[in-house]
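For reference, the structure discussed in these notes is given below.
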Amino acid sequence: MHVLICGAGRVGHGIARRLAREKHDITIIDENPDLVDQVSTDLDVRGVTGHAAHPDVLKKAGAADCEMIIAVTHFDEINMVICQIAHTLFSVPYKIARVREQSYIDPAWKNVFSREGLPIDMVISPEMEVGEAILQRFRTPGAVMSATFGKGRVRLIGLEVEDSNPLLDTPVDQLRGLFPDLSARIVGIGRKDSVRAPRSNDVLKPGDRAYIAVLDEHAERLTSIFNRDSEQSGHVVIVGGGNVGLYVATTLEQEAKNRVRLIEHNAKRANDVVAAVKRTIVIQGDGLNPDILAEAGAPKADFVVAITNDDKANLLISNLAKRAGAKRTLALVNATELAGLARDLRVDAVLDPRALTVSQILLRMRRGRILGLQSIEDGKAEVAEGITLESSSLIGKPLGYDDLPEGMTAAAIIRGKEVLIAGPDVIVQAEDQLIIFYEEEMVRKVEKYFRVSPDFF
């Protein structure tokens, strides 16, 4: 697929990197020649220097022949104009725009992005996505990642395997036997720098990252097995009062049991946050200052979230809070090379906002009836939710660990009102919603499972 990416910042670079790995034809546009050179050199993609909203620049970049345009510049309005011009002048089939300002995506103005309004097929709101991802971590204590499928009925949770884990050195297919009242299945194992779909005789080792599909109502029981301290947080400290911090604070304070403290360095922004919250206590100061962290109660906090605009600051703040006594910490980290420092700095979890954006875009690029998608560990693996059509080669097959090709593991099936965790006794039927974990190189094969076969006609 020929894709134009407008904006060569962190998000644009991350999207280009992932799509280039999948052998898509990528052209990236930015006014900054240094950024264009960096991306085009690093990723071997075509680069065009210029203003992406100018018709002549889009023409030069090949807009007339592209199948998708992704506008992720720093300005919402420019992203909207890019999509409008791409539609009007070049008839680009699919248009995606990043929109940060929440007022644009307020349900009251839902007609803005419609056929009669701005011709944008998909609006990406990173702040909201990141905010929701943080809340997911908040609700699943101890998880390194958390995502939902089947309209929230199935949860995929990533958990670190500690030395005391009762599942150590036990074949993954024995989870059901050990915990018969737990509807869960291990679908992926991260070990060092790799992620793979397990076979029936694979075992968990200390330091592994276990990716487990579980019924939503059993998620708390699952986290308690992997983490002794699995109670949901009550005292939360948020460092960074931007759109994400404000979104998380206002959502948490709706639950009476939560005590929220927010630290914001900029005095004007701190005052704006004070005006927007109800019960959250706002402290103006530097989150890197131990005295400010102590004033917010970080040493006794259940959860400290560092979500400033500085990756390094977020890691250091999380480290300071952890050393002071915080139970759990999370740092927002855009740079993949810095995320690896989290373990050394005693940071419990990192969140990459680009991964959330890429997952949304990939969902639109995947062929077949795919309803949901989650990228795992920078694209080393994915989890997709799709509908098995009558012609699918999966129809009639059982879903044991060794029944599917190597590199993929079935997680669950949603059949009407029924949710079935995958296993050798679960047989695929037409129109099932299948949730499946697969390694990166299995993408095309999984797509075929959810497409109509030509032989069917």
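When the convex hull of the C-alpha atoms of the range 2-124 is computed, what volume per residue in Å³ does it have?
Taking only Cα atoms, the range 2-124 has a hull volume of 88 Å³ per residue.
Could you list the residues of the range 317-351 with an amide nitrogen less than 18 Å from a label point located 7 Å from the Cα of Ala294 in the Cα-to-C-beta direction?
Backbone N within reach: 317-327.
Between Ala275 and Ile395, what's the calculated FRET efficiency when r is the beta-carbon distance and R0 is 51 Å? Round to 0.05.
Once rounded, the FRET efficiency stands at 0.35.
Calculated from DSSP H runs of 4 or more alone, at -39500 (n - 2.57) each and per residue, what is the 222 nm mean residue ellipticity of the chain, nearest 500?
On the way: 14 runs with 136 residues, N = 457.
That calculation yields -8500 deg cm²/dmol at 222 nm.
Would you list the P(r) distribution for the range 130-226, with all Cα-Cα distances sorted into 5 Å bins from 0 and each bin expressed as a whole %?
Answer for the range 130-226: a P(r) of 3, 14, 25, 27, 20, 9, 3, 0 percent.
Work out the count of Lys pairs in the range 235-326 where the Cα-Cα distance is under 24 Å, with the pair 8 or more places apart or on different chains.
Taking the range 235-326 as the scope, the lysine pair count is 9.
May I ask you to sort His265, His51 by Cβ crowding, counting other Cβ atoms within 10 Å and putting the fewest first?
Numbers: His265 18, His51 15.
Listed from fewest to most nearby Cβ atoms, that is His51, His265.
Just want to confirm a number: the relative contact order over the range 306-457, from Cα pairs under 8 angstrom separated by 6+ residues, in percent. Mind dumping the intermediate values first?
Details: 284 pairs, mean separation 29.6, N = 152.
In percent, rounded to a whole number, it is 20.
With each label point set 7 Å from Cα along the Cα-Cβ vector, what nm distance links Asn111 and Asp193?
Distance between label points: 5.4 nm.
Mind checking the full-extension length gain between Lys205 and Ala267? Use 0.36 nm per residue of separation minus the Cα-Cα distance, one decimal, nm. Please list the in-between numbers first.
Values: separation 62, 0.36 × 62 = 22.32 nm, distance 4.76 nm.
Between Lys205 and Ala267, full extension yields an extra 17.6 nm.
Could you give the radius of gyration (one decimal) and Dmax (whole number) of the Cα atoms in the chain, in Å?
22.6, 70
Ranked highest first by average number of other Cβ atoms within 10 Å, how do 195-203, 275-283 line up?
Ranked by mean Cβ neighbours within 10 Å, highest first: 195-203, 275-283.
Which lysines, if any, have their Cα less than 28 Å from the Cα of Lys448, not counting same-chain residues under 8 positions apart?
Within reach: Lys23, Lys95, Lys151, Lys380, Lys397, Lys417.
The range 87-122 to the range 235-265: how many Å between their Cα centroids?
A separation of 30 Å, based on Cα centres.
About the Cα centre of the chain, how large is the charge dipole given +1 on each Lys and Arg Cβ and -1 on each Asp and Glu Cβ? Please answer in debye to the nearest 20. Walk me through the numbers before you get to the answer.
On the way: 56 positive and 65 negative charges, 112 e Å.
Dipole size: approximately 540 debye.
What does the highest-first list of 52-59, 104-111, 336-343 look like by mean Cβ count within 10 Å?
Taking the mean over residues of other Cβ atoms within 10 Å, the ranking is 52-59, 336-343, 104-111.
Explain nothing, just compute: Karplus ³J(HN,Hα) = 6.51 cos²θ - 1.76 cosθ + 1.60, θ = phi - 60°, for every residue of the range 276-286 in order, whole Hz, x for Gly and Pro.
Couplings: 9, 9, 10, 10, 6, 8, 9, 10, 8, x, 8 Hz.
Values quoted throughout were computed directly from the atomic coordinates according to the rules given, and no laboratory measurement underlies them. In this text, all values refer to a predicted model and were calculated from it rather than measured experimentally. All Cβ positions, glycine included, derive from the backbone under ideal geometry; neighbour counts span all protein chains shown.
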